[in-house]
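A.B. asks: Before we start, here is the structure in question, set down as structure tokens.
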Amino acid sequence: MALGIHLEWTPNPNTLKYVLNHPLLSQGSLSISSKEQAKVLSPLADKLLGLEGVSGVTLGMGFISVTKGAAGEWVKINDWVVEVLEQHLSAGEAVLTEEGQAYLEEQANRDWTGIESRIAKVLETEIRPALAMDGGDVALERFEGGVVYLHLRGACAGCPSAKITLKMGIEVRLKEAVPEVQEVVAL
């Protein structure tokens with residue numbers, strides 16, 4: 001099977017999304033913003049974070065979002081990212097380390113109780129697939145005192161419209177589905 005990589009712009013001007021014609025992860029997503037973290041979790045993210053100008057990588061089931069820092073130009077970064085993706089994936093190299101796979105499984109099998117399980121279900125079935133279309137993701141941290149605490153990842157992190165997405169999209173939907181939710185806050 002030929003490796004297919006399709007570039008998509010995201011609402012975040014500092015993030016590009018690369019859609020692949022085969023899955024990278026079996027579930028969830030993983031956001032990595034440091035070389036130290038990448039060395040432990042993902043050889044692919046480690047290579048990408050080694051490129052000049054790349055400050056963050058989010059691995060999804062069928063996409064990779066790459067965030068540009070202050071340095072670098074998108075034209076050069078894009079060429080380098082595509083080259084790394086083609087070489088790494090064509091060679092059949094691992095996307096995740098054993099530690100990275102264990103982390104994903106731990107997150108997927110997190111034992112939410114009560115209200116948090118209802119929130120997690122809405123996030124998993126409705127919100128995360130919609131955000132993934134733009135190269136973003138969200139993860140539930142906790143529910144406490146009527147407040148849902150979330151981590152925005154990938155293209156969502158730092159996106160100019162993230163606050164609108166959070167308040168007008170995620171918060172509205174969670175309040176409809178889980179009446180105990182009073183507010184949604186990004187960490």
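The values are calculated or read from the model by the stated rules, or taken from the named source; none is laboratory data. Keep in mind that what you see is a predicted model, and the values were worked out from it rather than measured. Neighbour counts run over all protein chains shown; Cβ positions are idealised from the backbone, glycine included. Each accessible area value is taken on the protein alone, full model and side chains, heavy atoms only, with ligands, DNA and RNA left out. Shrake-Rupley method; radii C 1.70, N 1.55, O 1.52, S 1.80 Å.
A.B. asks: Counting Lys and Arg as +1 and Asp and Glu as -1, each charge on the Cβ, what is the dipole of the chain about the Cα centre in debye, to the nearest 20? Please list the in-between numbers first.
C.D. replies: Details: 16 positive and 25 negative charges, 82 e Å.
My answer is approximately 400 debye.
A.B. asks: Right, here's the next one. Rounded to two decimals, what is the ratio between the C-alpha radius of gyration of region 35-129 and 2.2 N^0.38 Å?
C.D. replies: This ratio for region 35-129 stands at 1.28.
A.B. asks: Taking semi-axes √(5λ) of the Cα gyration tensor in Å straight from the coordinates, which label in [x] 27, 19, 16; [y] 24, 20, 15; [z] 29, 18, 14 is the correct one?
C.D. replies: [z]
A.B. asks: How many Å² of accessible area per residue for the chain, probe 1.4 Å?
C.D. replies: On the way: 9360 Å² over 187 residues.
On a per-residue basis, the chain sits at 50 Å².
A.B. asks: State, to one decimal in nm², a quarter of the convex hull surface area for the C-alpha atoms of region 88-139, i.e. the direction-averaged projected area.
C.D. replies: Averaged projected area of region 88-139's Cα convex hull equals 4.7 nm².
A.B. asks: I would also like to ask the following. Between residue 144 and residue 110, what length in nm is gained on full extension when 0.36 nm per residue of separation is reduced by their alpha carbon distance?
C.D. replies: 10.6 nm
A.B. asks: Checking the a/c ratio against 1.5 first, then a/b against b/c, what shape does the Cα gyration tensor give for region 68-111?
C.D. replies: It is oblate, given that a/c is not under 1.5 and a/b is not larger than b/c.
A.B. asks: Under a 10 Å cutoff between Cα atoms, tell me which one of 157, 70, 130 has the largest fluctuation in the Gaussian network model of the chain.
C.D. replies: 70
A.B. asks: Still on this structure: Greater than 22 Å separation of Cα atoms is the criterion. Which listed pairs, 39/121; 47/163; 47/68; 17/76; 39/68, meet it?
C.D. replies: Values: 39/121 31 Å; 47/163 31 Å; 47/68 14 Å; 17/76 15 Å; 39/68 19 Å.
39/121; 47/163, as the Cα separations exceed 22 Å there.
A.B. asks: Moving to a separate point now. Given a 1.4 Å probe and every protein chain left where it sits, what share in percent of the accessible area of the chain is carbon and sulfur?
C.D. replies: 54
A.B. asks: Moving on to the next point. Taking H placed 1.01 Å from N in the peptide plane, check which residues at least 5 places from residue 56 or on another chain put their amide H under 5 Å from its amide H.
C.D. replies: Placed amide hydrogens put 67 under 5 Å from residue 56.
A.B. asks: Near residue 35, which aspartates and glutamates are there with a Cα under 13 Å away, not counting those fewer than 8 places off in the same chain?
C.D. replies: Residue 35 reaches 46, 52.
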